[in-house]
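Some notes on the structure that comes next.
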């Protein structure tokens, strides 16, 4: 029996999953997707598959992966999805199929307890508050009983907690086999479990770190795989650009300074040698950050260095790093920790020199990668954070290294997501992933869109760039929220628009849940529990908001999600397309915006029983020629411009009435396509 046939039987009516799993429903789209994935596995081929929400793509790739006998790497977009896949979906499918395959969950080293750094942090007066000190004691107690050392086990510890760098390691500060806790290392143990497993669940960051040969310590695991499944594949090109470049930042160098002093304990003569260079480095970092305050939040390297105070600040920082490197050279042989600090300082000096444009060789791992080897296809840029900065070198095109690593693997590769196509075509994403002639498959959502959903395009809203758009938007939305009794997710193109909308809606009849006012997971749970809340989010909330049922019955998108033109990497990419004779709007801006819009729209209908209204507030959908590309890329909604249709939709309590008035679907004609948003 072929793998495709076996997979189809397992997922069909009366098959293993239907017999063993409660509420499992066979779906034709899922069967077709599973067969295509099984064929790609058997033929060691490449498949690019768009699977709309509700298709059941997770089971569609897990079944052939478990039945194939191939060592398989499944990569997801986020750690949250990784945990969900490993702890919820995989055990259910494996039990239903009755297979004994070994599986492993593998994350980047910063997700695991480092016993050496925990030991170094004990007794250090580095806690900002009594609450932080108490939280540290919770970590110490947990470290004594944890089996795997995954910090996700620590409930209530925020992802950005300042305690995490104290108790986890990075590539830079890991001591490797010189560590006194090497035999009990959580990272080493996780790696060993992955080496022995038949199916390994990773996330894109770890996958790319391995592909970029970033010395994560996992390079020997992934090349042994015979099949790769890349879920949420639309995220991969942007993430890959970071991993095939390099960067440095204020926080890692502050940690280097603190680690130098921590490593001095028990080493005679080390503290006098390092105390002054450490203080000099810390002062240089603070002075540079103060000088950068006059810069925009993000910008190019040349724009930053054009400001004399900033350019001088980088020169002072370079000198301070070099001074610390030289001081460490004199004590590096006294302990493995100080030797590691010396290596980090050397790397810091080299990275800063490369970013400043001075002569410094690139790392060996990039020497054969034209797009990342500084041949003019890179963009150098900076980004400010509230208390720091980060500088980055990013390649504009990662298709070459992605293609090279894929071909070298001799494995099957499946790229899947709910949002891969633009107007039905894969061309844009295929080019960015370096896929020359992949097999492709589109399986739309199985939902009954004309019955379950309605798309409302309000009349008489001004152009999004016009003054007064925000006030007009709120005035337009109030009657919609009254009809739906809240239960809405409002998605904004900017944080400023989000704040203005939140201020305008406060004091209303619906509880507000505003991005940034609580941790994301807490915000979503409170929104679900409220029953009539209004959730406000920005671009980062386009993905990962999964609220099935009546709690989310309206999705509002204020503007078409064109990327900010002042983003330095994006701006450089558009310039490169223009230089090569392409059309930046048609080739990059439009397809990227379409995929982003599809992600936001995908928050509305999450199950066969969901009902809801999509409100698209950007009048350019109808006034500009490119609006048709957006509309044609969306599911087959009924469309209307009349508020009365929205009110009738909710008044019928989700049940479509055969005698209800027809909803307008004909759109006004559009002019010739524009070349700018």
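Values in this text are rule-based calculations from the coordinates and carry no lab data. On a predicted model such as this, the values are computed, not experimentally measured, just so you know. When we count neighbours, we look across all protein chains shown, and the Cβ atoms used for this are built from the backbone with ideal geometry, even at glycine.
Our note on the geometry: Cα centres of the stretch 309-341 and the stretch 90-112, 43 Å apart.
Relative to the longest principal axis of the Cα atoms of the chain, the long axis of helix 270-291 lies at roughly 40 degrees. Per residue, the chain reaches -13000 deg cm²/dmol at 222 nm when only DSSP H runs of four or more residues are counted, each adding -39500 (n - 2.57).
What full-extension length gain, to one decimal in nm, is calculated for residue 312 and residue 575 as 0.36 nm per residue of separation minus the Cα-Cα distance?
Numbers: separation 263, 0.36 × 263 = 94.68 nm, distance 2.93 nm.
The residue 312-residue 575 span can extend by a further 91.7 nm.
Among 619-629, 262-272, what's the highest-first ranking by average C-beta atoms within 10 angstrom per residue?
Working: 619-629: 18.3, 262-272: 15.4.
Top of the packing list down: 619-629, 262-272.
Once the chain from residue 182 to residue 18 is taken as fully extended at 0.36 nm per residue, the excess over their C-alpha distance is 54.5 nm. State, to one decimal in nm, how far the label point of residue 42 lies from the label point of residue 9, with both points 7 Å from Cα in the Cβ direction. It works out to 1.3 nm between the two label points. For an R0 of 45 angstrom, estimate the FRET efficiency from the Cβ-Cβ distance between residue 423 and residue 526 and round to the nearest 0.05. Result of the calculation: an efficiency of 0.75.
Which percent, to the nearest 5, of DSSP beta bridges fully inside the chain are antiparallel? Close to 25 percent. Just to be sure I understand the curve: with the Debye formula and one point per C-alpha of the stretch 246-395, what is log10 I(q)/I(0) at q = 0.08 Å⁻¹? Taken in order of the listed q values, log10 I(q)/I(0) reads -0.24.
Exposure proxy for 409, 177: other Cβ atoms within 10 Å of each Cβ, ordered fewest to most, give 177, 409. Dimensions of the chain along the principal axes, based on C-alpha atoms and rounded to the nearest Å, stand at 89, 64, 56, largest first.
The stretch 38-74 and the stretch 238-286 have Cα centres separated by 44 Å.
Assuming 0.36 nm per residue, please report the length gained on full extension of the stretch residue 145 to residue 623 beyond their Cα-Cα distance. Before the final figure, lay out the partial values.
Working: separation 478, 0.36 × 478 = 172.08 nm, distance 6.20 nm.
Full-extension gain reported as 165.9 nm.
One Cα centroid belongs to the stretch 121-166, the other to the stretch 505-563; the line between them spans 30 Å.
At a Förster distance of 56 Å, what's the computed FRET efficiency of residue 267 paired with residue 506, Cβ-Cβ distance as r, to 0.05? Please report the intermediate quantities before stating the final value.
Numbers: r = 57 Å, r/R0 = 1.01.
Calculated transfer efficiency: 0.50.
Let me make sure I get this right: for the stretch 41-110, a, b and c are the square roots of the gyration tensor eigenvalues over alpha carbons, sorted descending. Under 1.5 in a/c it's rounded, otherwise prolate if a/b > b/c, else oblate. Which is it? Rounded, because the longest to shortest axis ratio a/c is under 1.5. Treating r as the C-beta distance of residue 385 and residue 407 and R0 as 41 Å, the FRET efficiency rounds to 0.60. Projecting label points 7 angstrom from Cα along Cα→Cβ for residue 119 and residue 608 puts them 5.7 nm apart. Relative to the longest principal axis of the Cα atoms of the chain, the long axis of helix 57-68 makes an angle of roughly 60 degrees. The C-alpha atoms of the chain define a longest principal axis, and helix 308-329 lies at about 50 degrees to it.
Label reach from residue 485 (point 7 Å along Cα→C-beta): in the stretch 517-560, amide nitrogens under 18 Å belong to 527-535, 548-555. For the stretch 38-170, the relative contact order is 26 percent, taking Cα pairs closer than 8 Å that sit 6 or more residues apart in sequence and dividing their mean separation by the residue count.
Could you order peptides 105-117, 162-174 by the average number of other Cβ atoms within 10 Å of their residues, highest first? It would help to have the intermediate numbers written out before the result.
Values: 105-117: 22.3, 162-174: 19.5.
Final packing ranking: 105-117, 162-174.
Modelled label positions at residue 196 and residue 465, each set 7 Å beyond Cα in the direction of Cβ, lie 6.1 nm from each other. Using a/c under 1.5 as the rounded threshold, could you call the stretch 1-99 rounded, prolate or oblate? The axes a ≥ b ≥ c are square roots of the C-alpha gyration tensor eigenvalues, and prolate needs a/b larger than b/c, oblate otherwise. Since a/c stays below 1.5, the shape of the stretch 1-99 is classed as rounded.
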